[in-house]
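*Asks:* The structure under discussion is supplied below as structure tokens; questions concerning it will follow.
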Amino acid sequence: MPTTWSRRSFLGRSTLGAAALAGGQLVSFPGAIASNAMLNYGPASGIAKLNANENPYGPSPAAITAMLDATKKGAYYIGDSLTRLKDMIAERNNLTRDHIDLSSGSSGVLTYLALEKLQQGKVLGPDLVWDTTTKSALRHGRGELKRIAKTVDLSVDLDALYDAITPDVSMVQICNPNNPTAIMSDPAALREFCIKASKKCTVLVDEAYNEITDDPEANSMVDLINEGHDVYVAKTFSKIYGMAGLRVGYMMAAPEKIESMMRYGLGNYSMNQAGVAAAVASYNDFDFLNYSKSRIIEARQMINEAARTHGLKPAPSQTSFVFIDLGDLNAETFRQEMAKRSILIRGIYQDYTHWSRVSTGLLPDVERFVNALPEVLDVMGA
């Protein structure tokens, strides 16, 4: 006897559970909403999260609206929105869309470039820099990561970096402002370095925090791309745009260089529709960007003032975090003591045992760090 199929019987027996289809869309019943409400999509209640350079003031309202619009239509594979975002980026930077490759956060394109350049030689960088993507690429291929010696003031020694470019170096990598030190290189000196160094090897400038600096346009090296230098510039929507978990970033370079780098990536399959929709909606949302930047700067000032008040020495910061010299105190112990008070910060980086990175966050959370600081220093015997 043939089985009679009906939409009602299918929905009744399906694994959709507490959901139904309405007008082609999946609509959750209250039971499903209640169960999802138990998930934590950010820090748990009572936690002051100041350890990951995230911007809790984003995404912008326009970005949130765009994400809802993109996903309620079915969350298809990415298409026109990606082209639109490339064109927007290209217009602002006097480039073409062929100068740009997007990925899941700037981590994607940074890894692709590292994979390519490590096939050609060593990657050179400062003693302390965010080179997680290069380290990841090293695990999947050949090559070597080469560092110059640290400086007393933690700044990037551009002259020493240039002198360290030997024939076996394929790329020199700079993060400006630098992570985790927060220090920005002088733009004129960096521009001179990029022009000179790019005659010997590829130069990568990671500008993840550029929009937070006092003069983003003057501090960017993107104009060197149109001048024909072997320079790559990486940017991200994770910081000023408040989209760290949405994973949208991009690389800019000459079209033939982008095409070559893209051989190591996944193309559009590394992107998500909601993230790109949010990026398109917020890229020119200057009201939100100004608001976001003002809150970051206010939080940064609070951290700096608290550190100085208690005899600590913060490095000069042009970013959404502060790198603090704890003197004789151990950074990991400092981190642990803050964690006991539900305040999350970073501990030791490499052999910088007396330096601690504190990210800006919600102002009440930064205030908790400020208020806890004298007690923690007292416990540690400062």
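*Asks:* Of all residues being among the hydrophobic types (A, V, I, L, M, F, W, C) and surrounded by fewer than 19 Cβ atoms within 10 Å (Cβ to Cβ) in the stretch 149-163, which is modelled with the highest pLDDT? Just the residue, please. So that I can check it myself, show each step before the final result.
*Replies:* We begin by selecting, within the stretch 149-163, every residue among the hydrophobic types (A, V, I, L, M, F, W, C); these are 149, 152, 154, 156, 158, 160-161.
Pick out the ones that are also surrounded by fewer than 19 Cβ atoms within 10 Å (Cβ to Cβ) and you get 149, 152, 160.
Working: Ala149: 89, Val152: 90, Ala160: 97.
Restricting to residues being among the hydrophobic types (A, V, I, L, M, F, W, C) and surrounded by fewer than 19 Cβ atoms within 10 Å (Cβ to Cβ), the top hit is Ala160.
*Asks:* What number of residues in the stretch 181-199 are outside any loop (DSSP other than H, G, I, E, B) and in contact with a strand residue (DSSP E or B) (Cβ under 9 Å, 6 or more places away or on another chain)? Even if it seems obvious, please write down each step before you answer.
*Replies:* At the first step, the residues of the stretch 181-199 found to be outside any loop (DSSP other than H, G, I, E, B) are 187-197.
Checking which are in contact with a strand residue (DSSP E or B) (Cβ under 9 Å, 6 or more places away or on another chain) leaves us with 190, 193-195, 197.
Adding up the residues that qualify gives 5.
*Asks:* Related question: Under 7 Å between Cβ atoms, at least 6 apart or on separate chains: pull out the pairs that start in the stretch 188-205 with a residue that is farther than 13 Å from Asn176 by Cα and end on any residue that is at pLDDT 95 or above and surrounded by fewer than 16 Cβ atoms within 10 Å (Cβ to Cβ).
*Replies:* Short answer, once both residue conditions are applied: none.
*Asks:* Restricted to the stretch 349-382, and to residues that are among the acidic types (Asp, Glu) and either in contact (Cβ under 8 Å) with a residue 60 or more places away in the chain or not in a helix (DSSP H, G or I) (or both), which residue is nearest to Ser292 (Cα to Cα)?
*Replies:* Start the filter on the stretch 349-382 by keeping residues that are among the acidic types (Asp, Glu), which leaves 351, 365, 367, 375, 378.
Cutting the leftovers down to either in contact (Cβ under 8 Å) with a residue 60 or more places away in the chain or not in a helix (DSSP H, G or I) (or both) gives us 351, 365, 367.
Details: Asp351: 33, Asp365: 16, Glu367: 17 Å.
Per the criteria, the residue is Asp365.
*Asks:* Among the residues of the stretch 227-242, how many are outside any strand (DSSP E or B) and either touching a strand residue (DSSP E or B) at 6+ places or on another chain (Cβ under 8 Å) or modelled with pLDDT under 95 (or both)?
*Replies:* Count: 4.
*Asks:* Could you go through the stretch 276-289 and let me know if any residue there is touching a strand residue (DSSP E or B) at 6+ places or on another chain (Cβ under 9 Å) and either of a type in the set (Phe, Trp, Tyr) or not in a helix (DSSP H, G or I) (or both).
*Replies:* If we filter the stretch 276-289 for residues that are touching a strand residue (DSSP E or B) at 6+ places or on another chain (Cβ under 9 Å), which is where we start, we get 276, 279.
With either of a type in the set (Phe, Trp, Tyr) or not in a helix (DSSP H, G or I) (or both) added as a condition, the list becomes none.
The answer is no, given that none of the residues of the stretch 276-289 is touching a strand residue (DSSP E or B) at 6+ places or on another chain (Cβ under 9 Å) and either of a type in the set (Phe, Trp, Tyr) or not in a helix (DSSP H, G or I) (or both).
*Asks:* Against the condition more than 30 Å from Pro364 (Cβ to Cβ), touching a helix residue (DSSP H, G or I) at 6+ places or on another chain (Cβ under 8 Å) and at pLDDT 95 or above, how does Asp69 come out, does it pass?
*Replies:* Working: more than 30 Å from Pro364 (Cβ to Cβ): yes; touching a helix residue (DSSP H, G or I) at 6+ places or on another chain (Cβ under 8 Å): yes; at pLDDT 95 or above: no.
In short, no.
*Asks:* Give me a count of the residues in the stretch 246-269 that are surrounded by 18 or more Cβ atoms within 10 Å (Cβ to Cβ) and part of a helix (DSSP H, G or I).
*Replies:* Restricting attention to the stretch 246-269, the residues satisfying the condition of being surrounded by 18 or more Cβ atoms within 10 Å (Cβ to Cβ) are 246-254, 257-258, 261, 264-265.
Subsequent filtering for residues that are part of a helix (DSSP H, G or I) retains 246, 257-258, 261, 264.
Of the residues in that region, 5 qualify.
*Asks:* I'd like to check something: does the stretch 126-137 contain any residue that is free of Cβ contacts under 8 Å to residues at least 24 places away in the same chain, farther than 20 Å from Ala197 by Cβ and not hydroxyl-bearing (Ser, Thr, Tyr)?
*Replies:* Yes - at least one qualifying residue is present in the stretch 126-137.
*Asks:* Next question, about the same structure. With within 24 Å of Ile212 (Cβ to Cβ), at pLDDT 95 or above, charged (D, E, K, R) and not in a helix (DSSP H, G or I) as the only criterion, which of Arg300, Arg346, Arg335, Arg295 stands out? Spell out how you get there, then give the answer.
*Replies:* Details: Arg300 fails: not in a helix (DSSP H, G or I); Arg335 fails: not in a helix (DSSP H, G or I); Arg295 fails: not in a helix (DSSP H, G or I).
None of the others qualify; the one that does is Arg346.
*Asks:* A further question follows. Going by the conditions given, is Pro177 over 30 Å from Gln273 (Cβ atoms), more than 23 Å from the chain's Cα centre (by Cα) and assigned to a loop (DSSP other than H, G, I, E, B)?
*Replies:* Numbers: over 30 Å from Gln273 (Cβ atoms): yes; more than 23 Å from the chain's Cα centre (by Cα): no; assigned to a loop (DSSP other than H, G, I, E, B): yes.
The answer is no for Pro177.
*Asks:* Of the residues that make up the stretch 303-323, is at least one under 30 Å from Tyr76 (Cβ atoms), buried (at least 16 other Cβ atoms within 10 Å of the Cβ) and under 17 Å from the mean Cα position of the chain (by Cα)?
*Replies:* The first filter runs over the stretch 303-323 and keeps only residues under 30 Å from Tyr76 (Cβ atoms), leaving none.
No, the stretch 303-323 contains no residue that is under 30 Å from Tyr76 (Cβ atoms), buried (at least 16 other Cβ atoms within 10 Å of the Cβ) and under 17 Å from the mean Cα position of the chain (by Cα).
*Asks:* Just to check your reading of the model, which residue among Ala182, Ala208, Ala188 is surrounded by fewer than 22 Cβ atoms within 10 Å (Cβ to Cβ) and modelled with pLDDT of 95 or more?
*Replies:* Ala188
*Asks:* Considering every residue within the stretch 318-329, establish whether at least one is in a loop (DSSP other than H, G, I, E, B), under 24 Å from Ile148 (Cβ atoms), in contact with a strand residue (DSSP E or B) (Cβ under 7 Å, 6 or more places away or on another chain) and touching a residue at least 40 places away in the same chain (Cβ under 8 Å).
*Replies:* Restricting attention to the stretch 318-329, the residues satisfying the condition of being in a loop (DSSP other than H, G, I, E, B) are 318-320, 326-329.
Those still in the list that are under 24 Å from Ile148 (Cβ atoms) too: 318-319.
Next, from what is left, pick out any that are in contact with a strand residue (DSSP E or B) (Cβ under 7 Å, 6 or more places away or on another chain): none.
Scanning the stretch 318-329, I find no residue that is in a loop (DSSP other than H, G, I, E, B), under 24 Å from Ile148 (Cβ atoms), in contact with a strand residue (DSSP E or B) (Cβ under 7 Å, 6 or more places away or on another chain) and touching a residue at least 40 places away in the same chain (Cβ under 8 Å), so the answer is no.
*Asks:* Given (1) more than 19 Å from Gly245 (Cβ to Cβ); (2) modelled with pLDDT of 90 or more, where does Leu50 come up short, assuming only one miss?
*Replies:* Tallying (1) more than 19 Å from Gly245 (Cβ to Cβ); (2) modelled with pLDDT of 90 or more, Leu50 fails exactly one: (1).
The values are calculated or read from the model by the stated rules, or taken from the named source; none is laboratory data. Everything numeric in this text was worked out from a predicted model, so none of it was measured. Counting neighbours? That spans all protein chains shown, and the Cβs are built from the backbone with ideal geometry, glycine included.
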